[in-house]
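For reference, the structure is listed below as structure tokens.
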Amino acid sequence: MKDVFFSLGSNIEPREKYLAAALSELNKNFKFISSSSLYSSSPVDDLAQSDFLNICCWYAVDLDDPFAILNIVKKIEDNIGRQKNPLRPKGPRTIDIDIILIENVNIKTPKLTVPHVSYLNRNFVALPLLELIKNVEKYSELKNKLLRVVSENSNQQVNIVGEPIHGFANKSFSENQE
Ligand code: AMP
């Protein structure tokens, strides 16, 4: 099994329900380890849209092929109703799931880049990721790197706004809507 860290974001209501639904779906495919508090962040690329709710989550996977993980993630996004607007690729979304890190994986292709190409530039990823790994000995180097970039990017508005999501396991999206 290897560790995989995902970043999840939503800026269409009900944002927390979309995140919970994504966690439920990830749980069906991977072994859940932990998920972060809820963070709020301002949009970074396409600025004319609502704030995002973000979390990072940590799973263990037994897949050797990183593209298999990407395919699962894309299916989950589709199931949760992510619709792509080709005119606004960075526009509002029900759910966005990015693969941030996979243990011992370094890959750079047009379809998949891991570690994620911009995770160190975005405090809405770096802060929740830091929360997950800060007390884990094998990630002490990552922790130091994240602490450095978090302070370099301290101009970014990212705030903790809620506790980690609980009670999502094995619920379908419609159950999470209730
Ligand atoms: P997004 O707009 O965030 O859904 O991402 C668009 C595309 O980025 C996806 O269709 C993936 O093929 C590609 N991509 C490249 N690297 C990654 C990654 N680490 N995690 C998720 N998607 C990625």
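Taken as a whole, the condition of being within 16 Å of the ligand (Cβ to nearest atom), farther than 18 Å from Leu47 by Cα and modelled with pLDDT under 95 applies to Arg82. Residues in segment 123-158 that are closer than 26 Å to Asp65 by Cα and in a loop (DSSP other than H, G, I, E, B): Val136 only.
Residues that are without any contact (Cβ under 8 Å) to a residue 40 or more places away in the chain number at least 3 in none of the strands (runs of 3 or more DSSP E) confined to segment 1-52.
Restricting attention to segment 59-96, the residues that are of a type outside the set (A, V, I, L, M) and part of a helix (DSSP H, G or I) total 8.
With the structure loaded, tell me whether Asp65 is of a type in the set (D, E, K, R), modelled with pLDDT under 95 and either more than 9 Å from the ligand (Cβ to nearest atom) or touching a Lys or Arg at 6+ places or on another chain (Cβ under 6 Å) (or both) or whether it fails that test. No; evaluated as a whole, the condition is false for this residue.
Looking only at residues in segment 99-147 that are of a type in the set (Gly, Ala, Ser) and within 18 Å of the chain's Cα centre (by Cα), the one that is nearest to Tyr59 (Cα to Cα) is Ala126.
Entry remark, segment 85-115: residues being free of Cβ contacts under 8 Å to residues at least 12 places away in the same chain and more than 10 Å from the ligand (Cβ to nearest atom) number 4 in total.
The values are calculated or read from the model by the stated rules, or taken from the named source; none is laboratory data. Just so it is clear, the model here is predicted, and its values are computed rather than measured. Every residue, glycine as well, gets a Cβ built from its backbone with ideal geometry; the counts of neighbours run over all protein chains shown.
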